1. For residue 225, all conditions in the list (1) more than 17 Å from residue 89 (Cβ to Cβ); (2) crowded, with 22+ Cβ neighbours inside 10 Å hold save one; what is the number of the exception?
2. Could you tell me which residue of the range 70-99 is surrounded by the fewest Cβ atoms within 10 Å (Cβ to Cβ), considering only residues that are touching a helix residue (DSSP H, G or I) at 6+ places or on another chain (Cβ under 8 Å) and assigned to a strand (DSSP E or B)?
3. Any chance the range 52-60 includes a residue that's within 16 Å of the ligand (Cβ to nearest atom) and surrounded by 15 or more Cβ atoms within 10 Å (Cβ to Cβ)?
4. Mind checking whether some residue in the range 157-169 is within 17 Å of the chain's Cα centre (by Cα) and either within 25 Å of residue 39 (Cβ to Cβ) or within 13 Å of the ligand (Cβ to nearest atom) (or both)?
5. Any residue at all in the range 237-254 that is assigned to a strand (DSSP E or B) and either closer than 25 Å to residue 116 by Cβ or within 16 Å of the ligand (Cβ to nearest atom) (or both)?
6. So in the range 175-188, with the set limited to residues that are over 14 Å from residue 91 (Cα atoms) and part of a helix (DSSP H, G or I), which one is nearest to the ligand (Cβ to nearest atom)?
7. Regarding residue 5, is this residue away from the ligand (no atom under 16 Å from the Cβ), more than 28 Å from residue 234 (Cβ to Cβ) and modelled with pLDDT of 95 or more?
8. When you go through (1) within 15 Å of the ligand (Cβ to nearest atom); (2) on the phi > 0 side of the Ramachandran plot; (3) surrounded by fewer than 18 Cβ atoms within 10 Å (Cβ to Cβ) one by one for residue 210, which number turns out not to apply?
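The values are calculated or read from the model by the stated rules, or taken from the named source; none is laboratory data. Predicted, not measured: the structure shown is a model, and the values here were computed from it. When we count neighbours, we look across all protein chains shown, and the Cβ atoms used for this are built from the backbone with ideal geometry, even at glycine.
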Ligand SMILES: [Zn+2]
């Protein structure tokens, strides 16, 4: 459908701007040299360029998920081995799953779409990097509609919102895929959290509404991360596939649904060890939890 024939967007937001003669806004968390929020680019470029040996390689079948333990100081790549496919990523501290990726704060500290040198932060009361992004074969993409790649705005697809909207019971959404993948690690549905949508192009339209575009990844694209801690990492190959079609592909009687399955592909995880780890990681130290010593204004019975 061309934009002129589309019905007006249902939104509380106006598409036109009003001039209030305000000064240009600054980012709320402005980067300054030496800030603990921002990665030392020299160090992480050195990590990206360093010699590495492949330790493990895992394939995530289309429309499913896998969970993999990744030791601290490793570099790992999420890949598109057969072409475009969006990936829903969850990350936990391997030893304490209460510490996990915090999409909202990461969005504020860096940007709504992330790339090389950005970090994925953990939730409160930990607040430290789980990973730092070291390379990104799709990085910097910004299209004519404002779409950018690797999205923290949206979250995983799930059967509850699907039921609410379509009335259908579909079982292979990313939320469910991730749930099945983490069960053998002692985690449950309640541990699945807001994701980073890797290889997914999204943005906000003139009505401030979330949109998604077809995945631009090609065979061999990758998103590379340095593990700042021992991690449990789960990826789901979204049943939305490359997002070129709309649907979930679970109705075997329906032709459109079968077409949907054709745009679903696998994902890969490759885990690498730095060959000269001590030398490459000179200047790196394991991130500490934020050292707030207060008690949220609570007083103990003693005082
Ligand atoms: Zn999904």
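1. (1) is the only condition that residue 225 fails.
2. So in the range 70-99, the residues touching a helix residue (DSSP H, G or I) at 6+ places or on another chain (Cβ under 8 Å) come out as 73, 75, 88, 90, 92, 97.
Now narrow it down to the ones that are assigned to a strand (DSSP E or B): 75, 88, 90, 92, 97.
On the way: 75: 24, 88: 28, 90: 27, 92: 25, 97: 17.
Only one residue fits best here, namely 97.
3. Yes, the range 52-60 contains at least one residue that is within 16 Å of the ligand (Cβ to nearest atom) and surrounded by 15 or more Cβ atoms within 10 Å (Cβ to Cβ).
4. Restricting attention to the range 157-169, the residues satisfying the condition of being within 17 Å of the chain's Cα centre (by Cα) are 157-158.
Among the residues that remain, those that are also either within 25 Å of residue 39 (Cβ to Cβ) or within 13 Å of the ligand (Cβ to nearest atom) (or both) are: 157-158.
Yes - at least one qualifying residue is present in the range 157-169.
5. Yes, the range 237-254 has at least one match.
6. Residue satisfying both the conditions and the ranking: 177.
7. It is false that residue 5 is away from the ligand (no atom under 16 Å from the Cβ), more than 28 Å from residue 234 (Cβ to Cβ) and modelled with pLDDT of 95 or more.
8. So the condition that residue 210 fails would be (2).
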